[in-house]
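We did not get these values from a lab; they are worked out from the coordinates using the rules stated. Since the model is a prediction, treat every value here as computed from it, not as a measurement. Here the Cβ is made from the backbone with ideal geometry for all residues, glycine too, and neighbour counts use every protein chain on show.
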Amino acid sequence: MRRIYYHPLLIVCLSAILLCLLSGCEGTDTRRHNTHDDFHPQEHEPYVRPSSLIEALENPTSQWVDSVFNTLTPEQRIAQLMVVEAFSDKGPKYEADVMRLIKKYQVGGIIFFQGGPVRQAKLTNKYQAAANVPLLIAMDAETGVGMRLDSTVQYPYQQMLGAIEDNGLIYKMGAEVADEFKRLGMHVNFAPVADINNNAANPIIGYRAFGEDRLDVTAKSLAYMQGMQENGILATAKHFPGHGDTDIDSHYDLPIIPYSRHRLDSLELYPFKELIKYGVGSIMVAHMHIPKLDSSRYLPSTLSRPIVTGLLKEKLQFKGLIFTDAMVMKGVTKYFKPGEAEVRALMAGNDILERLNSVPKAIDAIKAAIQQGYLTQEEIDLKCKRVLAAKQWLGLDNYKPIDLHNLYEDLNPPISDSTNRVLAEAAITMLQNKKRLLPLKPKRKERIATVSVGAVRPTAFQREIAKHAKTTAYVISRKANKKDVEKLKKQLRKYDVVLLSLYGPSMSPSNKLGYSDASTALVQDIIRSKKTVTVLFDNAYALNQFPGIEHSRALLVGYQPLFHAQIATAHVVLGKLQPRGRLPVTVNEHFGYGDGIRKDKPMIATR
């Protein structure tokens, strides 16, 4: 038999190969780069979704996060921290501009504004198909998607919800809003408003807040937040550290909050501290100058490291995502140019930049800041991984296009109509009922007129009253002139009782109703000369626009001209429904926080 001779070096090599095969070659090539093949599902444990977003963000690493992160260039990691605006009603040219930002820069997300549900769903599918990394889809929808989209459900603004004592109803609304968001392929709602509105002249918060009492605002914000987050949608408490006590709109200028640290800690910050304790996933920082927290001249809170990092992240121990308010607002752009503002926002500690003036300018400025040492690539990388971890927690690692079948029907379920009815019935607030005028029980020869100021045709309130009592309906414009007013006053002379309903310029509440001098004088004359039931279907603070309104024989606040609010108010007037709401804000010396003749009390005047 022929003997085969093996060179000693060959034996060593063969032994090394065999050992490598047996050991799986662990650690034999530390220089190779990861590819998607390195993360084959069979070689790794499946993703176990953490119980909360906060838990996911505390350890922002997983097979999916790491694999996606490793595909991104340094520029694309910066772009993942940007959420750009989109509309579904601006046409092909606008849509192409958004698509360019997605394809060229790989921005991290989109915030949708006005449009229609089917158009938005189609655009979302197109934008997601074009994105290498699934997009985070957000909406500023404090009252549900109907706040932005036609043909969808709109729930009440938070002031009307603030009049409700049963916070379980608000949780239910939050859960339904979450279902709408998921059906439209969205993930983040910039709500609830956790601001305490204790300034009647506030031009930007007002009716968007639950009210002026810190405990009420906290409890209702918590109910809304939990309703959304426990049903799969990320809530965003805003506007940190509290935008309720200012008379300047940060869309147009930089508000200054002059209060002491003690006052801020005990009032403005209170709802945010409690929401953090109960796991709110994200917080939006406002553009406000707060000298007692950061004395840097003209520095918005969004760009302040002592406020974002020192206060929110370190003192309050917030571990969730931090969004800036829109970077296009004058509260930041008045003193900081595009690019510089975004750099400062990241330096301050924010995670995500919302609505930028210029994505390319911001990216270039952030790259320059890294080169100059103001920011580090490690800081950007960590923020990017946190965004990716949030995307995975929200299910974007298994992204599926929106099913367009039955979309309209799914966004208008019968339960939403029922919820709106129940919310309205719980919110209607009776402030006065002198001489037990209500419930309305027409006497045999008593003549009743219903007058709606600010309407163009008989309203739902007037029509509902007419189903149960013999009345004559009149409508007159908010902008009526003296001639129109005199004509109506002459017609009303033959009536004994007037049901006077006041409306603003739109379905949303108003800061200023825009009544002409003649229309305001008409309201005052009717209240002075008749047995008058006055109903305000608008912002409760608008009571101040009608001097003498406190002399109404009966006075109710419906808060908004929503259909169910008008029907519920009519039923209170007729005695078919007991009033249950209470005023969530102090309007003036006549009407204060907590006022309201409720179902557990007789329907008589309280003063």
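With N the number of residues in the stretch 376-456, Rg(Cα) / (2.2 N^0.38 Å) evaluates to 2.31. With the convex hull drawn over the C-alpha atoms of the stretch 55-407, the volume per residue is 124 Å³.
Given +1 at the Cβ of Lys and Arg, -1 at the Cβ of Asp and Glu and no other charges, the dipole of the stretch 418-574 around its Cα centre is 860 debye to the nearest 20. Over every Cα atom in the stretch 476-544, the radius of gyration and the widest Cα-Cα span, Dmax, amount to 12.1, 34 Å.
Which of the peptides 131-141, 479-489 is most tightly packed, and how do the rest follow, going by the mean number of other Cβ atoms within 10 Å of each residue?
131-141, 479-489
Note on LYS337: lysines with a C-alpha under 25 Å away, same-chain residues under 8 apart excluded, are LYS104, LYS238, LYS292, LYS361, LYS367, LYS383. For GLU142, the amide hydrogen comes within under 5 Å of no other amide hydrogen, counting only partners 5 or more places away or on other chains and with H modelled in the peptide plane. Taking other C-beta atoms within 10 angstrom as a stand-in for reagent exposure, ARG77, ARG297, ARG436 fall in the order ARG297, ARG436, ARG77, fewest first. Calculated on the Cα set of the stretch 149-294, radius of gyration then Dmax: 15.0, 46 Å. Quote the Stokes-Einstein diffusion coefficient, in whole µm² s⁻¹, for the stretch 418-574, based on the Kirkwood radius over alpha carbon pairs, a temperature of 25 °C and a viscosity of 0.890 mPa s. Roughly 160 µm²/s, to the nearest whole number. Our helix-only sum for the chain, with -39,500 (n - 2.57) per DSSP H run of n ≥ 4 divided by its residues, gives a mean residue ellipticity at 222 nm of -10500 deg cm²/dmol. Dipole magnitude for the chain: about 3040 debye, using +1 per Lys or Arg Cβ and -1 per Asp or Glu Cβ, origin at the Cα centre. Just the Cα atoms of the chain, one point each, no solvent: what log10 I(q)/I(0) does Debye give at q = 0.05, 0.06, 0.08 Å⁻¹? Computed log10 I(q)/I(0) values: -0.28, -0.38, -0.63. Considering only ALA473, PRO156, ALA138, the residue lying farthest towards the positive end of the dipole of the chain is ALA473, judged by Cα position with unit charges set on Cβ.
Among ALA326, GLY349, GLN372, which residue has its Cα positioned farthest towards the positive end of the charge dipole of the stretch 290-393, with +1 placed on the Cβ of Lys and Arg, -1 on the Cβ of Asp and Glu, and the dipole taken about the Cα centre? Projecting each Cα onto the dipole axis, the largest value belongs to ALA326.
Dividing the alpha-carbon radius of gyration of the stretch 279-349 by 2.2 N^0.38 Å (N being the number of residues), what value is obtained?
Normalised by 2.2 N^0.38 Å, the Cα Rg of the stretch 279-349 equals 1.04.
Note on the stretch 261-382: Cα-only Rg and Dmax are 14.3, 41 Å. Rounded to the nearest 20, the size of the Cβ-charge dipole of the stretch 330-446 about its Cα centre is 1340 debye, with Lys and Arg at +1 and Asp and Glu at -1. What residue among PRO509, LEU312, GLN120 has its Cα farthest toward the positive end of the dipole of the chain, where the charges are +1 on Lys, Arg and -1 on Asp, Glu, each on the Cβ? Of the options given, the answer is PRO509.
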